[in-house]
Amino acid sequence: MKSAVEIARGVRAGTVRAAQVIADTLARIDAIDPGINAFTVRLDAQARRDADAIDASVAAGRDPGWLAGVPFAVKNLYDIAGVTTIAGARIHADRAPAARDATLVRRLKASGAILVGALNMDAYAYGFTTENTHYGATRNPHDPRLTAGGSSGGSAAAVAAGMVPLTLGSDTNGSIRVPASFCGVFGLRPTFGRLSRAGTLPFVHDLDVLGPFAASAKDLALAYDATCGADADDPVCSDRAWTPLEPALSQGIDGLRIAVCDGFFEHPLTAEAREAVQTAAKALAAERRVAIPEAERARAAAFVLTAGTAGSLYLSDLRARPDDFEPLSRDRLLAGALVPAAWIHRAQQFRRWYCAALEAVFDSVDALIAPSTPCPAFALGTETLSFDGMSMPARPNVGIFTQPISFAGVPVAAVPIAVGGPLPVGVQVIAAPWCEPVCLRVAAELERRGAAQAWVRS
Amino acid sequence: MAQAPDDAAIDPEISAYVDAAARVLRLRIPAGQREGVGRHFARIALLARLVDAQAPAGGDMPAPVSAGSQA
């Protein structure tokens with residue numbers, strides 16, 4: 001699969017026709033997706049029409065946009081005009097089709113990218129494995145017996161399988177970073193409030209962030225640059241000035257103070273996940289170790305806030321039509337609906353303290369490295385994980401290292417590390433609020449030094 | 001092999017709370033799901049207790065959720 005950069009360069013120069021790019025993309029999805037189940041909606045006819053329009057623009061000498069002809073797909077919690085937004089859940093299947101595209105979809109299209117479909121996910125975005133009873137599990141492109149991770153499993157798998165070079169997902173507690181790690185692709189969870197969430201189905205309003213997946217830091221940066229900007233349709237979206245990421249990629253890491261998270265982030269880890277952190281640290285010559293204060297408590301608070309908010313969000317449907325819920329998350333939603341307000345308020349109080357404490361860490365450090373997942377991908381249906389002297393329920397604990405980071409709303413790049421095993425595993429590159437360029441500078445440097453590489457099926 | 005701290009057992013008080021709160025909220029919990037809901041609620045309760053163990057130093061204000069206040 002060609003990168004987004006290569007495709008756009010060729011289409012803009014007129015050496016490659018967008019129509020051919022789309023024809024090749026759709027043929028590849030036809031061939032590969034039946035074994036992966038990443039796509040839940042295909043938009044073949046619309047994509048062909050959009051490709052023809054791009055080619056006509058090029059032929060007429062008009063600027064077709066920086067992402068001209070680049071195929072992309074989005075997690076099925078993004079609105080697509082004319083398509084029902086389901087967020088992986090059958091309870092949403094009878095909603096009216098969306099009247100218009102989500103803001104980020106519109107912005108990618110305005111840059112010349114071509115939407116080819118919607119992607120599978122854990123129902124409601126409540127899960128880390130994309131095991132979906134009603135729409136089928138998304139399988140890991142590197143071994144179909146394994147989970148692709150979740151909840152943006154379709155978004156990560158579509159890139160890792162070489163079906164599309166760019167996708168969009170969402171991350172509440174790790175739903176970009178976990179599947180990026182399991183599928184071996186790059187992902188970005190920007191600062192809370194950086195990218196507009198308008199036109200997407202929420203999960204936990206106080207934590208939800210949207211972001212891209214790609215096979216390189218450069219493609220990731222292009223997707224971010226095309227989607228960034230204020231949006232009055234999302235009251236949380238910031239109008240703060242932003243820095244394009246693409247120019248930052250060539251700046252290297254000179255002057256950046258990089259440290260590795262220790263303490264909570266050191267255990268439990270498989271040998272592969274530990275090796276990934278060590279490989280990244282070695283490549284960056286990051287010898288300093290830093291403890292994020294109260295990371296375990298932050299993870300606990302994120303768990304409580306998520307359970308209570310999600311249970312409340314779906315309370316009326318839980319009353320009226322409980323049998324239509326995803327069986328794998330129905331019990332969790334019911335339990336969450338019973339959470340007393342005092343626990344949620346307490347979690348938010350703690351969050352205020354924790355955000356300040358984490359920001360203080362960034363007084364002396366510019367970037368932090370931490371594992372994305374405690375292990376590489378495991379078999380679909382796994383109930384218990386056992387390694388590093390620990391035995392724990394699989395589904396709630398895959399995000400044990402991502403939850404304390406997203407709870408503070410800071411930006412994180414998910415970076416696939418070149419480890420020696422048969423499966424990918426990734427690390428998080430974490431920066432202070434609004435410092436997405438730092439995350440991408442480090443990710444790009446890891447790529448340049450051969451320590452990071454996307455695992456994309458040829 | 002150690003169990004993860006959130007691999008919680010179901011306390012009878014938890015079960016009683018789940019049953020009572022579900023009735024108040026008019027939530028029907030079928031018999032086959034009662035144990036699962038109880039187990040998940042016990043896990044949330046355990047983690048809530050961990051959060052509660054730290055007295056917040058930031059006063060009574062909850063966390064900022066608007067982007068501007070995180071700047």
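The values are calculated or read from the model by the stated rules, or taken from the named source; none is laboratory data. Predicted, not measured: the structure shown is a model, and the values here were computed from it. Cβ sites come from the backbone with ideal geometry, for glycine too, and all protein chains shown count toward neighbours.
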Filter result for residue A:291 (at negative phi, touching a residue at least 12 places away in the same chain (Cβ under 8 Å) and buried (at least 21 other Cβ atoms within 10 Å of the Cβ)): no
Complete set of residues in the stretch B:20-42 that are basic (Lys, Arg), at the interface with another protein chain (Cβ under 7 Å from one of its Cβ atoms) and in contact (Cβ under 8 Å) with a residue 12 or more places away in the chain: none
Test for residue A:133: is it over 21 Å from residue A:36 (Cβ atoms) and part of a loop (DSSP other than H, G, I, E, B): no
Members of the stretch A:64-97 that are in a strand (DSSP E or B) and either closer than 16 Å to residue A:38 by Cα or modelled with pLDDT under 95 (or both): A:71, A:72, A:73, A:74, A:75, A:78
Helices (runs of 4 or more DSSP H) lying entirely in the stretch A:364-458 (those with 3 or more residues that are modelled with pLDDT under 95): A:394-397
Test result for residue A:236, β-branched (Val, Ile, Thr), in a loop (DSSP other than H, G, I, E, B) and in contact (Cβ under 8 Å) with a residue 40 or more places away in the chain: yes
Helices (runs of 4 or more DSSP H) lying entirely in the stretch A:249-356 (those with 3 or more residues that are facing chain B (nearest Cβ under 9 Å) and more than 23 Å from residue A:177 (Cβ to Cβ)): A:315-320, A:327-337
Residue within the stretch A:222-229 that is within 14 Å of chain B (Cβ to nearest Cβ), in a loop (DSSP other than H, G, I, E, B) and more than 25 Å from residue A:374 (Cβ to Cβ) present: yes
The listed residue being on the phi > 0 side of the Ramachandran plot and crowded, with 24+ Cβ neighbours inside 10 Å, out of A:229, A:162, A:149: A:149
Count of the stretch A:19-50 residues which are free of Cβ contacts under 8 Å to residues at least 60 places away in the same chain and closer than 21 Å to residue A:145 by Cβ: 2
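Here is a yes/no grid of residues against (1) over 22 Å from the mean Cα position of the chain (by Cα); (2) within 22 Å of residue A:223 (Cβ to Cβ); (3) surrounded by 17 or more Cβ atoms within 10 Å (Cβ to Cβ):
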| residue | (1), (2), (3) |
| --- | --- |
| A:4 | no, yes, yes |
| A:11 | yes, yes, yes |
| A:18 | yes, yes, yes |
| A:22 | yes, yes, yes |
| A:34 | yes, no, no |
| A:39 | no, yes, yes |
| A:50 | yes, yes, yes |
| A:53 | yes, yes, no |
